[in-house]
Ligand code: VG1
Ligand code: CO
């Protein structure tokens, strides 16, 4: 079959962000745009002739087209086999699972995660290495450098390959193997958790509600929660994956998962509620009339890990991203295990896990995971919670209160200012950075600034340095304000303000995080001149 070498011009804007290249679908639809980036990946990863690649995505608009392009390019670039999820579908955690299980060279995941989909929405692509995790900073930099100098790409000139039935077909010298997107992941989950205990919990009338948000996790949830664990059909909602997620924003938080939130805060609310995002790697956990912050969730999973068969021997260590609250640090201290602080994005956890330093990790942005794969994992977190609930047989809120009573509470909130002009957002950041020396030692009411800095991280595995990962203002009592610019947005800039205060005496204080953090929110405004500089009175999203 003829391989065509296409002469092309490089694009200047293919810099991968927090997790891969994310752009508007219309940007990806430019001639050669997708092909260039795929060739930049292939040129940077030095795959041996005949290597195996895993390929799949969250099923959003443009997924099917991109799958065909990548298959034809993989064949023209010397790959021997591509394992593709049926229909081009693989959740991010399932892709990570398949890459590891079959010891493949790596994989390409098509997703813009929690960003909206559809012709006017977003698309994304990223390369994961043989450990199943997002490519390291070094590889990502190489891909970006290559994308800026690329002058040609190779593609097979053939018709489309069938991807809707399980089995093998041939593309040039390459085998296309269509796999069941759910089976390997399901088997892994079964090996980690106490399925009989969870099944018994559900059989005893414990009611759950899982919202797949019309995204990729629908079929996974049907198989695991409904078919294997026996949850009644009405425990699941929005389970049919749609190319535009039903017009919604597949981001499991209190703002965008409002259907579920209404149910969980309504009359006759179920005992447990959860949602996951576009590509299935995020999770939101709710109890009856109760929201568990992701930072607390991570801490709680760590504190209770030994009830889960896979973690019954304890944890090697834990890790959290810098903006994530220090709740898990307190658990690590009590368990006498190490706790690592990394920049935002999952790629940094993978190296710690490969080195055996960390078993559990998480981020404030509704991401939790463990060393079973090298991505965060939405359904895994749901099963972890159900396993704990099956063991403790207490309401979600009670479990969280008991945790706070033991460890104290890291009251936490994130305020996002979306769609700001780039120069305004950067102006806020440099204004704060310019005032570091003036801020140190300054007192604002009961809060005194201990120090401020720009977070920088040296990866213990490859010694790569990631600088300017967010501005931290740390107070003498351990409270923190963090300012950071998002690396996943596709329109203007998103400024994230992370607020955290430690409360040792939870029983006597308000549950309402916004109230409890009111003073810190004021200080954040004052330090950043946010209102004046952005003209915004309120954040776009509060989580
Ligand atoms: C956001 C989150 C970050 C997460 C990333 C990818 O990044 O804050 O914690 O790792 O999304 O998540 P940023 O740069 O916009 O803050 V997902 O579910 O897109 O893979
Ligand atoms: Co995601």
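The values are calculated or read from the model by the stated rules, or taken from the named source; none is laboratory data. Computed from a prediction, not measured in an experiment: that's the story for all the values here. A quick note on method: Cβ atoms are made from the backbone with ideal geometry, for glycine too, and the neighbour counts reach across all protein chains shown.
Listed values, structure above:
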item	result
Lone qualifier among 244, 279 - being within 16 Å of ligand 1 (Cβ to nearest atom) and in contact (Cβ under 8 Å) with a residue 40 or more places away in the chain	279
Which listed residue, of 308, 318, is more than 16 Å from ligand 2 (Cβ to nearest atom), touching a residue at least 60 places away in the same chain (Cβ under 8 Å) and farther than 17 Å from residue 400 by Cα	308
Where a residue in the range 108-121 is surrounded by fewer than 24 Cβ atoms within 10 Å (Cβ to Cβ) and its partner, wherever it lies, is part of a loop (DSSP other than H, G, I, E, B), with Cβ under 6 Å and at least six apart	116/249; 118/61; 118/244; 119/61
Subset tally (residues that are outside any loop (DSSP other than H, G, I, E, B), surrounded by 15 or more Cβ atoms within 10 Å (Cβ to Cβ) and more than 14 Å from ligand 1 (Cβ to nearest atom)) for the range 260-276	8
Count - residues of the range 215-237 that are within 20 Å of the chain's Cα centre (by Cα) and either assigned to a loop (DSSP other than H, G, I, E, B) or closer than 15 Å to residue 113 by Cα (or both)	4
Exclusive hit being without any contact (Cβ under 8 Å) to a residue 24 or more places away in the chain and either surrounded by 16 or more Cβ atoms within 10 Å (Cβ to Cβ) or part of a helix (DSSP H, G or I) (or both), set 423, 418	423
Residue match in the range 373-390 (condition: within 22 Å of the chain's Cα centre (by Cα), within 16 Å of ligand 1 (Cβ to nearest atom), modelled with pLDDT of 95 or more and farther than 25 Å from residue 194 by Cβ)	no
One residue from 109, 89 being closer than 21 Å to residue 212 by Cα and away from ligand 1 (no atom under 16 Å from the Cβ)	89
Test for residue 253: is it touching a residue at least 12 places away in the same chain (Cβ under 8 Å), closer than 19 Å to residue 117 by Cα and touching a helix residue (DSSP H, G or I) at 6+ places or on another chain (Cβ under 6 Å)	no
Scan of the range 428-458 for residues that are out of contact with any helix residue (DSSP H, G or I) (no Cβ under 6 Å at 6 or more places or on another chain) and assigned to a helix (DSSP H, G or I), ordered by number	429, 430, 431, 433, 434, 436, 437, 438, 439
Some residue of the range 58-78 being assigned to a strand (DSSP E or B), at pLDDT 95 or above and either over 27 Å from residue 189 (Cα atoms) or within 16 Å of ligand 1 (Cβ to nearest atom) (or both)	no
